[in-house]
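The values are calculated or read from the model by the stated rules, or taken from the named source; none is laboratory data. All of these numbers come straight from a predicted model, not from anything done at the bench. Here the Cβ positions follow ideal geometry from the backbone for every residue, glycine too, while neighbour counts run over all protein chains shown.
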């Protein structure tokens, strides 16, 4: 699982993050509501674990803004407030689940598995954007019905971009997704693979899809 964890209590965030990483998940942690919202909009995640009481923006407002932007990633709210009206407020804002503190890590893990399982159950193996299609099971990629022969690394980069199509994927996020957080991979390595990928995906006469967002990362998007 790719988990976005937003909690201003660094001790709790560290506890949850370590536990999830031990279970094989990739965790991106934010400690401020505004930062959490920006991160959720910039990259694709399998689930968002969101504290309600946060600086800048609270969890309810973040949830509302994500749903207003058509981000349908499952959201699990964490809070000390267990009054019925707070639960209703969170679910009405668009959250998928609600867990009150303190909680058992095993219960949290089970909730995350249930929500991501439900999210993936109706998901097609084929990802589509513009005239680009990608089958994540067979690893077949086509542009305008022409098959593209991608290496495993090129496929992983393109998958990350197409899952966040229209949004910016940071360089660091791409490196962590493709090579893992424990590997020493520099920006130059990423640039080389992006260049190889462009020669295949954006080969003339096809319109360019892979965009460089200078100083930030890359994005898959069509011309306006």
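Listed here are the residues, each with its yes/no results for (1) exposed (fewer than 12 other Cβ atoms within 10 Å of the Cβ); (2) over 25 Å from residue 217 (Cβ atoms).
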position	(1), (2)
61	no, yes
74	no, no
85	yes, yes
100	no, yes
### Message
When you scan the range 145-163, do you find a residue that is modelled with pLDDT of 85 or more, part of a loop (DSSP other than H, G, I, E, B) and touching a strand residue (DSSP E or B) at 6+ places or on another chain (Cβ under 8 Å), even just one?
### Response
yes
### Summary
The residue from 99, 50, 109, 20 that alone is part of a strand (DSSP E or B) and touching a residue at least 24 places away in the same chain (Cβ under 8 Å) is 50
### Task
Determine if the range 88-97 includes at least one residue that is surrounded by fewer than 16 Cβ atoms within 10 Å (Cβ to Cβ), in the same structural domain as residue 109 (by TED's automatic domain parsing), within 16 Å of the chain's Cα centre (by Cα) and at pLDDT below 85.
no
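Evaluate the range 117-131: report whether one residue or more is part of a helix (DSSP H, G or I) and closer than 23 Å to residue 30 by Cβ.
First, the residues of the range 117-131 that are part of a helix (DSSP H, G or I): 117-121.
Remaining after also requiring closer than 23 Å to residue 30 by Cβ: 119.
Yes, there is a match, as at least one residue in the range 117-131 is part of a helix (DSSP H, G or I) and closer than 23 Å to residue 30 by Cβ.
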#### Entry: Only one of 190, 161 that is touching a helix residue (DSSP H, G or I) at 6+ places or on another chain (Cβ under 7 Å) and surrounded by 12 or more Cβ atoms within 10 Å (Cβ to Cβ)
190
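Does the range 1-45 hold any residues that are closer than 26 Å to residue 70 by Cα, surrounded by fewer than 18 Cβ atoms within 10 Å (Cβ to Cβ) and in contact with a strand residue (DSSP E or B) (Cβ under 6 Å, 6 or more places away or on another chain), and which are they?
Step one: list which residues in the range 1-45 are closer than 26 Å to residue 70 by Cα, which gives 1-8, 25-45.
Narrowing the set further to residues that are surrounded by fewer than 18 Cβ atoms within 10 Å (Cβ to Cβ) leaves 1, 8, 26, 31-32, 34-35, 38, 41-42.
Once the filter is applied, which keeps residues that are closer than 26 Å to residue 70 by Cα, surrounded by fewer than 18 Cβ atoms within 10 Å (Cβ to Cβ) and in contact with a strand residue (DSSP E or B) (Cβ under 6 Å, 6 or more places away or on another chain), the range 1-45 yields 26, 42.
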### Task
State yes or no: is residue 219 closer than 22 Å to residue 38 by Cβ, at pLDDT 90 or above and crowded, with 16+ Cβ neighbours inside 10 Å?
yes
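Looking at 5, 66 in this structure, which one is closer than 21 Å to residue 87 by Cβ, assigned to a strand (DSSP E or B) and within 16 Å of the chain's Cα centre (by Cα)? Lay out the reasoning, then the answer.
Working: 66 fails: assigned to a strand (DSSP E or B).
One residue alone meets the criteria, 5.
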